[in-house]
Amino acid sequence: HKRVAILISGGGSNMLALVRDMAGDHPARPVLVASNDPEAAGLARAADLGIETAAVDHRPFGKDRAAFEAALTERLERARPDIICLAGFMRILTPGFISRWEGRMLNIHPSLLPKYRGLHTHARAIEAGDAEHGCSVHEVTAELDGGPVLGQARVRIEAGDTPDDLAARVLVQEHRLYPMVLRRFAVGDRRPVLL
Ligand code: GAR
């Protein structure tokens, strides 16, 4: 089995979708769920499932991203992951950290990349009058939300949608998409998943 570490910052619903899929004949297994926020609800959920968890709080490091990343790297390396999945991990990573895991790190982003990199993607899609929106899983490269796209799921924007309405419908698709991409990626299949 490929060893998968998942990095979260919040509720961890994508992490749970990945973990639930990694069973039986799946080519990968979760070996660590780590968060920059010790209070992230997802950490307790992962622990309840018997998965090793770690908190590497970014706050004591202040603006020193490299020192935070060194601590995170040290913790990750102890788990010997083959693949790292960012799942609602809300810290920007420096090129130094990314190059350490390049080709082995995935992220899920709540937009149809290359549209709407960064934050507030649902509000921006509504504001722009887009007919559709969605989510993307991509390989992490030094360019923020800019690496090769390995999968996308589309969601129609309905009249009157608030950003929260849209986020909730996109999240349902995230939970379908990310596990499908990881199953392929774990066996070296990088053909995009299009939902
Ligand atoms: C998800 O919608 C994910 O796409 C988004 O945060 C949410 C995390 O939810 N990620 C980003 O915005 C990354 N910049 P979760 O903790 O329930 O998986």
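The values are calculated or read from the model by the stated rules, or taken from the named source; none is laboratory data. Keep in mind that what you see is a predicted model, and the values were worked out from it rather than measured. Neighbour counts run over all protein chains shown; Cβ positions are idealised from the backbone, glycine included. These accessible areas exclude ligands, DNA and RNA; they are computed on the full protein's heavy atoms, side chains included. Shrake-Rupley method; radii C 1.70, N 1.55, O 1.52, S 1.80 Å.
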Among the residues of the stretch 102-124, what is the count of those that are more than 10 Å from the ligand (Cβ to nearest atom), part of a loop (DSSP other than H, G, I, E, B) and open to solvent by less than 10 Å² (accessible area, probe 1.4 Å)? 0
Can you tell me how many residues within the stretch 7-48 are away from the ligand (no atom under 15 Å from the Cβ), assigned to a strand (DSSP E or B) and open to solvent by less than 20 Å² (accessible area, probe 1.4 Å)? 2
If you take the residues of the stretch 130-167 that are farther than 30 Å from residue 104 by Cα and exposed (fewer than 14 other Cβ atoms within 10 Å of the Cβ), which of them is nearest to the chain's Cα centre (by Cα)? 164
Quick check on my filter: what residues within the stretch 119-157 are in contact with a helix residue (DSSP H, G or I) (Cβ under 8 Å, 6 or more places away or on another chain) and farther than 28 Å from residue 183 by Cα? 120, 123, 125, 126, 157
State all residues of the stretch 10-35 that are among the small types (Gly, Ala, Ser) and out of contact with any helix residue (DSSP H, G or I) (no Cβ under 8 Å at 6 or more places or on another chain); if no residue qualifies, say none. 23, 24
Out of the stretch 82-97, which residues are away from the ligand (no atom under 11 Å from the Cβ) and under 20 Å from residue 186 (Cβ atoms)? 82, 83, 84
Under 8 Å by Cβ, and 6 or more places apart or on different chains, what pairs join a residue from the stretch 93-110 that is under 16 Å from residue 72 (Cβ atoms) with one that is of a type in the set (Phe, Trp, Tyr)? 107/89
Those residues that are under 19 Å from residue 147 (Cβ atoms) and not in a strand (DSSP E or B), I need them from the stretch 74-95; list them, please. 76, 81, 82, 87, 88, 89, 90, 91, 92, 93, 94, 95
Of the residues in the stretch 125-144, those that are in contact (Cβ under 8 Å) with a residue 12 or more places away in the chain and within 14 Å of the ligand (Cβ to nearest atom) come to 125, 133, 134, 135, 136, 137, 138, 140, 144
Specify the residue that is nearest to residue 131 (Cα to Cα); the eligible residues are those in the stretch 172-184 that are surrounded by 18 or more Cβ atoms within 10 Å (Cβ to Cβ) and within 11 Å of the ligand (Cβ to nearest atom). 173
